[in-house]
Amino acid sequence: MAFTGESDEQLFERYRRGEVKAFETLYERHKRAVFRFACRYLGSEGLAEDVMQDVFIKIVRNAAAWEGRSSFTTWMYAITRNQCLDEQRKLAHRRHASLDAPADGDPEGRTLHELTADQQPGAERDSSAREAMERVRQAIANLPEEQREVFVLRQTANIKFKDIAAMLDIPENTVKSRMRYALESIRAELDRHGFRWEDFMV
């Protein structure tokens, strides 16, 4: 049975009534977006992959608790945000090296994974594009946490300001202020290196 024309909420209700295929459609529809969100939040593809899997497990486990007060995607991203926060707390207590953590002593803050890849002969790289995307990543990572959180929720997840305010339990004007400061910081950082924010934030 094809569910492509149905909304997220309709699909989730179908799943709650026992139609597993409906959940599979939801998963395929949103897995890349959740991964992208977590990657921008945490700055690590490896951690983002773990978070993505955990998010959909949490959705399954909490299906009965969803009351439909917000859209399915807003609820999904609230779970994703909480998983990212949990991952950040875990990272604070880790001391071992990770392929997805910045390599010690590397002035550009590249990860061990990236350094290893750079050493492979014949690797195809576009240095300008790589630098541009690294500047974007660094600009987001360098934001104060409260600004980065709002930026990722709005820019990556496309959640409305009022829903972000409800999710974070802060006034909507505060959300808008944090977003404005985040955009100003990112644009200024990219401008310093000759890049345009609008060319890379899609």
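Every number in this text was worked out from the coordinates using simple rules, so none of it is lab data. Predicted model only: the values in this text are computed from it and were never measured. Neighbour counts are summed over all protein chains in view; Cβ atoms, including those assigned to glycine, are modelled from backbone coordinates with ideal geometry.
Remarks
- Cross-link partners for Lys176 among the lysines, with Cα-Cα distance under 19 Å and sequence neighbours closer than 8 places in the same chain left out: Lys160, Lys162.
- Here r is the Cβ-Cβ distance between Gln53 and Arg29 and R0 is 22 Å; the resulting FRET efficiency, rounded to 0.05, is 0.85.
- Check: the stretch 7-94 dipole with +1 on Lys, Arg Cβ and -1 on Asp, Glu Cβ, in debye: 120 debye
- Cβ-derived FRET efficiency at R0 25 Å, Glu67 paired with Glu19, nearest 0.05: 0.80
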